[in-house]
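Presented below is the structure to which this report refers.
The values are calculated or read from the model by the stated rules, or taken from the named source; none is laboratory data. Quantities reported herein were computed from a predicted structural model and do not represent experimental measurements. Please note: Cβ atoms are built from the backbone with ideal geometry, for glycine as well, and neighbour counts cover all protein chains shown.
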Amino acid sequence: MTDRNRVLIALAVLGDALVFVLFIALTPIEHGSVEIAAFWRTGLPFAGVWLLASPWLGAFRISTLTRWRLVVWRIPLIWLGCGIVAVLLRVWLTDRTFSWAFTLASITLLAAMLLAWRTLLLLAVRRIRRD
């Protein structure tokens, strides 16, 4: 693996982690309060499952990071599986009841955020490679 590919993978991991931080930071705006516990209660299961499982499922393959067709279907599909596991883990860890509304909203919003971030990364990679 080249140094350029290592940097690309590191950027993807960092950016993905920041997507989860942003998601958790924005949720209190919707609910009207800021809770540090939300970072642990929601952020940890979502980010943890993604960052532990998605590499095994291909989210950080160079092909996934550099090909639009793969970004468009692979990232949302991998996130769907990870998101479902994360919601169930969150329910189990926090002793909260399962909520379809929370599940659909969080999985959909995070899929859109991950896809938007990965699209920006792909565009940056393409621009750098052209120069």
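Observations on the model:
- Conditions (1) under 21 Å from VAL85 (Cβ atoms); (2) assigned to a loop (DSSP other than H, G, I, E, B); (3) at pLDDT below 90: number failed by MET1: (1)
For (1) assigned to a helix (DSSP H, G or I); (2) hydrophobic (A, V, I, L, M, F, W, C); (3) under 13 Å from the mean Cα position of the chain (by Cα), each residue gets a yes or a no:
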| position | (1), (2), (3) |
| --- | --- |
| LEU70 | yes, yes, no |
| GLY83 | yes, no, yes |
| VAL91 | yes, yes, no |
| THR97 | no, no, no |
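- Close pairs (6 angstrom Cβ cut-off, 6 or more residues apart or separate chains): over 13 Å from LEU52 (Cα atoms) in the range 78-98, crowded, with 17+ Cβ neighbours inside 10 Å anywhere: VAL87/THR103; LEU89/PRO45; ARG90/PRO45
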